[in-house]
């Protein structure tokens, strides 16, 4: 599951990066991003069912680190402001990579 989560995070970042380059595809891209973040939230909910109470450390744009449960992060993925403010996609990706390659 963690690999699928990292793949979805990569996809979201790539589409978001290309959003600035391709103005003509903005509507399609925004629909994709909404769908992809909803799918990512579902993946996190599935993972939460397997490991209830698992924590994701989230570092915001100001460098402050906070802890959230997976289900809290899944809910935050519905709020664009929270996604940007807490840099959620990168934090979720980092968390999933740590689970794939434990230190």
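The values are calculated or read from the model by the stated rules, or taken from the named source; none is laboratory data. No experiment lies behind these values; they were computed from the predicted model shown. Cβ placement follows ideal geometry from the backbone for every residue including glycine, while neighbour counts extend to all protein chains displayed.
Within segment 48-55, does at least one residue satisfy the condition of being in contact with a helix residue (DSSP H, G or I) (Cβ under 8 Å, 6 or more places away or on another chain), at pLDDT 95 or above and buried (at least 17 other Cβ atoms within 10 Å of the Cβ)?
No; the residues of segment 48-55 include none that is in contact with a helix residue (DSSP H, G or I) (Cβ under 8 Å, 6 or more places away or on another chain), at pLDDT 95 or above and buried (at least 17 other Cβ atoms within 10 Å of the Cβ).
Residue 82: surrounded by 14 or more Cβ atoms within 10 Å (Cβ to Cβ), in a helix (DSSP H, G or I), touching a helix residue (DSSP H, G or I) at 6+ places or on another chain (Cβ under 7 Å) and free of Cβ contacts under 8 Å to residues at least 12 places away in the same chain, yes or no?
Here the answer is yes, as residue 82 does meet what is asked.
For segment 4-34, enumerate the residues that are surrounded by fewer than 11 Cβ atoms within 10 Å (Cβ to Cβ) and at pLDDT 90 or above.
The answer is none; no residue qualifies.
Only residues in segment 35-46 that are on the phi < 0 side of the Ramachandran plot and free of Cβ contacts under 8 Å to residues at least 40 places away in the same chain count as the first member; pair them with residues that are surrounded by fewer than 18 Cβ atoms within 10 Å (Cβ to Cβ) and in a helix (DSSP H, G or I), Cβ under 8 angstrom, at least 6 apart or cross-chain, and list the lot.
36/11; 36/15; 41/75; 45/71
All but one of (1) more than 17 Å from residue 99 (Cβ to Cβ); (2) touching a residue at least 24 places away in the same chain (Cβ under 8 Å) hold for residue 6; state the number of the condition that does not hold.
Unmet condition: (1).
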